[in-house]
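What follows is one structure encoded as structure tokens, with my remarks underneath.
The values are calculated or read from the model by the stated rules, or taken from the named source; none is laboratory data. Note that the structure is predicted; figures quoted are calculated from it, not measured. For neighbour counting, all protein chains shown are included, and Cβ atoms are generated from backbone atoms with ideal geometry for every residue, glycine included. Side chains included, ligands, DNA and RNA excluded: accessible areas come from the protein's heavy atoms. Shrake-Rupley method; radii C 1.70, N 1.55, O 1.52, S 1.80 Å.
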Amino acid sequence: MKALITGITGQDGSYLAEFLLKKGYEVYGMYRRSSVETFERIDHIKDKIHLICADLTDQSSLNEMIRTINPDEVYNLAAQSFVPASWTQPILTGDVTALGVTRLLEAIRHINPKIKFYQASSSEMFGKVQEVPQTEKTPFYPRSPYGVAKVYAFWMTKNYRESYGMFCANGILFNHESCRRGKQFVTRKVTDSVAKIKLGLQKELFLGNLDSKRDWGFAGDFVEAMWLMLQHKKPDDFVIATGETHSVRELCEAAFSRVGLNYKDYVKTDPKFLRPAEVDLLIGDYSRAKKELGWGPKVKFKELVGMMVDEDLKRHKKEQR
């Protein structure tokens with residue numbers, strides 16, 4: 001089996017590549033050309049995978065990639081995925097995160113419509129939530145250009161499935177984190193800062209809305225759900241979550257207590273980190289994925305935060321030496 005992962009250099013891409021290699025897949029990864037190489041998350045498996053340069057904004061590169069590889073499965077994880085950046089770059093976000101999906105689907109449809117396609121959809125599509133918890137039937141109400149772009153991509157994936165009979169599945173993934181998460185994301189910003197503060201490399205941590213609540217899981221658990229969706233008897237859409245919600249304040253409390261500190265002594269709020277339109281509460285109901293795919297989260301919230309803090313602490317100690 002051949003699998004193509006777009007966004008292989010990201011957090012999810014690296015975990016999915018590891019998972020598929022263990023399953024015996026031949027793994028191909030799409031990366032975007034940039035002036036600075038960003039292969040640190042896949043350095044340890046680089047000699048086991050095939051890398052190909054292409055871009056979701058360039059149709060000809062996508063056509064050539066699909067034609068050359070002719071994969072059995074495509075996992076589209078590439079996106080402009082940082083929500084705050086979608087406010088400063090809304091057009092780029094739409095071009096990559098929304099239209100990029102259509103370009104990829106078109107390449108598959110014209111070259112080999114039998115290829116199975118997974119689209120990384122997001123809990124940010126629920127935004128101003130219309131019900132609690134959120135299920136596959138909850139109406140979308142996105143509150144950022146990123147969320148809007150993901151809604152477009154979700155519906156295009158569904159439309160290609162229903163219009164052309166293609167195997168296209170949407171994984172509506174709630175927040176999933178790890179020590180490979182980018183430092184601009186709030187979980188990693190917190191754990192990295194905790195490590196620095198503990199080692200005397202930083203004095204304070206500035207954040208936005210501490211009462212914002214999220215359903216946080218472990219990225220390593222979530223990539224298994226992506227694979228299971230493409231092994232399912234029919235293409236469908238599934239919510240992947242933990243069913244628990246925690247505030248940013250709880251995140252800070254868990255992270256600082258891991259190193260014996262009180263978050264109240266170090267965390268300050270700064271209005272510049274507040275979103276123009278806030279998403280206050282996200283919590284997913286993954287019962288359908290549990291019933292039909294046999295999937296469930298394994299790593300709990302405090303365990304996840306502890307893993308991330310420990311890894312950041314280890315890395316900063318090594319850098320100090």
With runs of 4+ DSSP H residues as the only contributors, calculate the mean residue ellipticity of the chain at 222 nm using -39,500 (n - 2.57) per run, divided by the residue total and rounded to the nearest 500.
-> -12500 deg cm²/dmol
Whole-angstrom gap from segment 268-292 to segment 35-102, using each part's C-alpha centre | 24
Relative to the longest principal axis of the chain, what angle (0 to 90°, nearest 10) does the C-alpha long axis of helix 59-69 take?
-> 80
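Loop-only trypsin sites (Lys or Arg not before Pro) in segment 109-185, please: DSSP not H, G, I, E or B, and at most 14 other Cβ atoms within 10 Å. Please report the intermediate quantities before stating the final value.
Working: sites: R109, K114, K116, K128, K137, R143, K150, K158, R161, R180, R181, K183; in loops: K114, K128, K137, R143, R180, R181, K183.
Passing both the DSSP loop test and the Cβ count: K114, K128, K137, K183.
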Expressed as an acute angle from 0 to 90° and rounded to the nearest 10, what is the orientation of the C-alpha long axis of helix 219-231 relative to the principal long axis of the chain?
-> 20
Rank-order 57-65, 306-314, 3-11 by packing density, defined as the average count of other C-beta atoms within 10 Å over each peptide's residues, highest first.
-> 3-11, 306-314, 57-65
Which angle between 0 and 90 degrees, to the nearest 10, do you get for helix 11-22 versus the longest principal axis of the chain when only C-alpha atoms count?
-> 60
What does the accessible area per residue of segment 162-321 come to in Å², with a 1.4 Å probe and no ligands, DNA or RNA counted?
-> 46
Once the Cα gyration tensor of segment 1-129 is diagonalised, what are the square roots of 5 times its eigenvalues, in whole Å and ordered largest first, as equivalent ellipsoid semi-axes?
-> 23, 18, 15
